[in-house]
Amino acid sequence: MRFLKSSYNSFNYHMKEPIEKELNEVGHCFSVSENSFDELYGKCLEEVSQVQFSKNRYYYIYPFENELNGQKRGRLLKTKPSIFKNVFEYGLNNDGKILYVIEHISDTIKKVVLIKHTKEYLTAFTYVGKTHNLQNVTRVFNYENNQVSYVINWGTYGWRIDRFIYDETGQLKQVERIAKEHQKERATNSVFELSYDNGKLNAIVQQFTNGYAQRIFP
C-alpha cells in the first residue's frame, strides 16, 4: 500500500495522527474484511432494535453525504413497502445509531453497508452482489465536539481522503479531497465549496487544481 507523499503534502491537514498511518490502517481493514460479511452482518443483527425504510437514501454517515455525491435526500416510508425497488432499509439500535443500510436496487439486486461504531470513528463496509463482494471500506473520524473531521475511503479501485472544514458558527463550508486510483501514479486534488441560503444548503461546487469546476448539487 504505497502512499504518494507529494500529493498528500499538498493538503494542509492538521490532525492528531498522521493521515498516512490512518489511510494504511483503512487499507489493511479492507484487505482483512473481504470474507467477513457473515460475521459482521450477524453482529449487526444482534444489536438491531428497529428497522426503517425510505425511498432513495435518507440517512447518511457523514454531513451531506448524498449531496456531495450529487444526490438529493430521500424520504422515510411509514410502512414496509410491498415492492423493493430503489428502496433503502436501515437497521438501528436503541440509541438510534445506524448498524446497517441495505440498498434494494431491485427485488433481487442489493448493496449492503455494515457499520461498526467506536468512540473515535465509525467504519462502514460496503458489500455488493449475491456473493457479497467487498466494494469499499469507509472510516469517518470525529472531533471532540462531534463534528466530522475527515473521511477515509479505501476501495477496490482506489482510495480517497476528505477533510471537513467549518466556519466559526460550526457550519460546513469546504471539503478538501485527495483521491487516487490504485493503478495510477498520481493523485488528484479538489475542493468542494458549499454555499447556503438562510442556513439551508443552496449549492455545492467542486473545484480542481487545474482550474476546472463543476456544480455537484443541486
Name the single residue, out of those in region 108-145 being open to solvent by less than 70 Å² (accessible area, probe 1.4 Å) and among the charged types (D, E, K, R), that is farthest from the chain's Cα centre (by Cα). Lys111
Going by the conditions given, is Val26 outside any helix (DSSP H, G or I) and modelled with pLDDT of 95 or more? no
What is the number of the single condition among (1) at pLDDT 95 or above; (2) open to solvent by 60 Å² or more (accessible area, probe 1.4 Å); (3) in contact with a Phe, Trp or Tyr (Cβ under 8 Å, 6 or more places away or on another chain) that Phe53 does not meet? (2)
Residues satisfying the stated conditions in region 69-96, i.e. in contact (Cβ under 8 Å) with a residue 40 or more places away in the chain and either open to solvent by less than 30 Å² (accessible area, probe 1.4 Å) or in contact with a strand residue (DSSP E or B) (Cβ under 7 Å, 6 or more places away or on another chain) (or both): Gly70, Gly91, Leu92, Asn93
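The values are calculated or read from the model by the stated rules, or taken from the named source; none is laboratory data. Here the structure is a predicted model, which means the values were calculated and not measured. In this analysis, Cβ positions are derived from the backbone assuming ideal geometry, glycine residues included, and neighbour counts consider all displayed protein chains. SASA here: full protein model, heavy atoms, side chains in, ligands and nucleic acids out. Shrake-Rupley method; radii C 1.70, N 1.55, O 1.52, S 1.80 Å.
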